[in-house]
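See structure below.
Please treat every number below as a calculation from the coordinates, not as lab data. Computed from a predicted model, the values in this text were never measured in an experiment. Cβ sites come from the backbone with ideal geometry, for glycine too, and all protein chains shown count toward neighbours.
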Amino acid sequence: MQRKVQWIVALLLALMISLPASVVASGGDDDDDRNDIESENKSEDDSDDDREDREKHKVDVDVSSDQITVKMKREIGDSESKIEFKTDLSEGKFKLKFEEENSQIEAEQKLEVKLQQLVEFVDGNGNGAYDEGEIIASAYRIGDSGDLLSGSPDNGSVNWGTPTLEDITISGKIGTKMVARGSFGDTAEGTFGLDMMVFGDFTTMSTSEIRPTDVKIDFIIENYPYTRNDSAVGLMMKTKTKQEQERNHHDLDNDEEGVVAASNTEMNTISLSFSWKDTATIDGVDLPVHTTVLKSQTDTDDDEFEFKQQFVLSYARGTVIVHDPVAGVGYSSITEDAGEFLGFLPGFGILATLSVIGIMAIALRPKQN
């Protein structure tokens, strides 16, 4: 009888000790449950503590006669995250690559953007956007690779100069600015330019927030050699990924358009994005940018998928056109997210309590003769 009493006392003691842990793990009371539900309904962007793309990254930038390479890196323990953004001016191409590896696994994801043509088109229906079949009055190739817009003349290509680097400071954050300029037109009167900035730290620029894993880009079109008085300007480009491209993703702000290629690995949720604002500054005035999707296709080769989309960004006629895309990587640890998720699972606190009770009961239970 005495042993039974000891067993009951031990069990009650275990319950009393484990009860606070149970309350914490299960949310405590109805108010906390409601708070948990509200937390789940928040955007993933609000979970700053878990998003590794919000942490500082080491940045290295290198330039050559026709290439700009930006490398961003972050190391924690045996885990290393690397981002590479390469601009090949001769091909008019951006390549964004994310790699993550530790002692157990490696992951890699890529996104490619080809800037193909600058075009002068006649907006026949007056909607501000290029529509297939509208007159192309002139067109210039941006790089050596890529398709030409159907029905467009070939007036030549953009001739790139050597890119340059400079140190910049914005909102107290030190970064690097990369500048590339190319000329086009019969007398080289037109200019197509790229101004790119990287900080490796969270930075606020005007009304935009730049993540440590972002490369901020400005497209600059100056003195386009128009051949007509009723024309506008378009920029044709193509995106390519191994993952399906989303155009409605939480990484895109309400005033942005673009593509996001997202995937999950055993380590992280990863999203590579190339996005652009829905307005551009034209001769000092912010005016709408219209996006036309020309083509969206999926190619399969040896059980591998390749997703491609082709766009034309249309700008109002002007002498100086400035548009600001962003290329970047969003990633957060699945292990951290999973740990938080378990805390919200119904009954998880009860299971934790029963586990503690079981362990303590075994430890305190007297031996049987």
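Results, tabulated for the structure shown:
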| read-out | value |
| --- | --- |
| Sorted by Cβ density within 10 Å, fewest first, the residues S103, S157, S273 | S103, S157, S273 |
| Rounded FRET efficiency, nearest 0.05, which uses the C-beta distance separating I76 from I174 and R0 of 25 Å | 0.65 |
| Rg/Rh ratio calculated on Cα atoms of segment 58-176 (Kirkwood radius) | 1.12 |
| Charged-residue dipole, Cβ positions (Lys, Arg, Asp, Glu), segment 116-335 about Cα centre, Debye nearest 20 | 380 debye |
| Dimensions (Å) - segment 150-258, Cα atoms, principal axes, largest first | 43, 36, 29 |
| Gained length - E244 relative to T227, 0.36 nm times residue gap less alpha-carbon distance | 2.2 nm |
| Base-10 log of normalised Debye intensity for segment 116-335 (one unit scatterer per alpha-carbon) at q = 0.12 Å⁻¹ | -0.71 |
| Spacing of the two label points (7 Å from each Cα toward its C-beta) at K308 and N264, in nm | 3.1 nm |
| Centre separation in Å (Cα based) which lies between segment 175-212 and segment 139-163 | 20 Å |
